[in-house]
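Scroll down for the structure; my scribbles are underneath it.
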Amino acid sequence: MGLLSKFLKKVADETANDLTAKEAKKVGSFFSDKISEIIGEGKKADQELAAHQASASAAVHEAVNEAAEAVDEEVTIPGNSWGPTMPLEENQFNFPGPYTAYFEKILSEEFPEYRLEKEMIPSGRGMVCTLMDGDRRALVLEVLNSSSVRNQLRRTCRLSGTPYVRLYHDHEGWWNTRAYVVERAKKAMAGEN
């Protein structure tokens, strides 16, 4: 404003000699009104800009929160055996071997008091692991591909009272974590499945 004030003062001084006092007062009043108007518009623009920035900031904040929630939803919760990202805990897909060896290892290590018998399902569609307690079947764990329609073994186990667990080795988003497999097996053996 300092430069504008100097310019207006110079213009006023140069024109004052040619104007009457009444005309000079009108010119001064005109410039004063215009300057006030410009300052008012500047303040209004500043307020609108501040309101727009606050609105934009709120929109950005909301978008960031929504994105964070979306990311949170895409993370597999520790302890769960399902979700879009592979959990850090031991699971079928970070095991350094085929799924058959993974399930055999878990059953052998977690249930050493039982004898493990394994049978492959023809056409590579899965396997059946049976934990034997002498001649009694303590648990049947059937691991199938997700398109399997086999139900005979499940029905047979249900009718004979044999604990049964079905897992899928290729179901997207299901990781078959060690804790999950052990929990399912123990619940079945306790009659909770």
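The values are calculated or read from the model by the stated rules, or taken from the named source; none is laboratory data. Here the structure is a predicted model, which means the values were calculated and not measured. For the accessible areas, the whole protein counts, side chains as well, though only heavy atoms, and no ligand, DNA or RNA atoms are used. Shrake-Rupley method; radii C 1.70, N 1.55, O 1.52, S 1.80 Å.
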Given a 1.4 angstrom probe, I'd like the percentage of the accessible area of the range 114-162 that is carbon and sulfur, rounded to a whole number. 46
Keeping all protein chains in the complex and leaving out DNA, RNA and ligands, what accessible area do you get for LYS43 with a 1.4 Å probe, in Å² to the nearest 10? 130
To the nearest µm²/s, what D does Stokes-Einstein give for the range 110-191 at 20 °C and 1.002 mPa s, using the Kirkwood radius over alpha carbon pairs as Rh? 162
If I ignore ligands, DNA and RNA and count only protein heavy atoms, how much of GLU110 is accessible to a 1.4 Å probe, in Å² to the nearest 10? 70
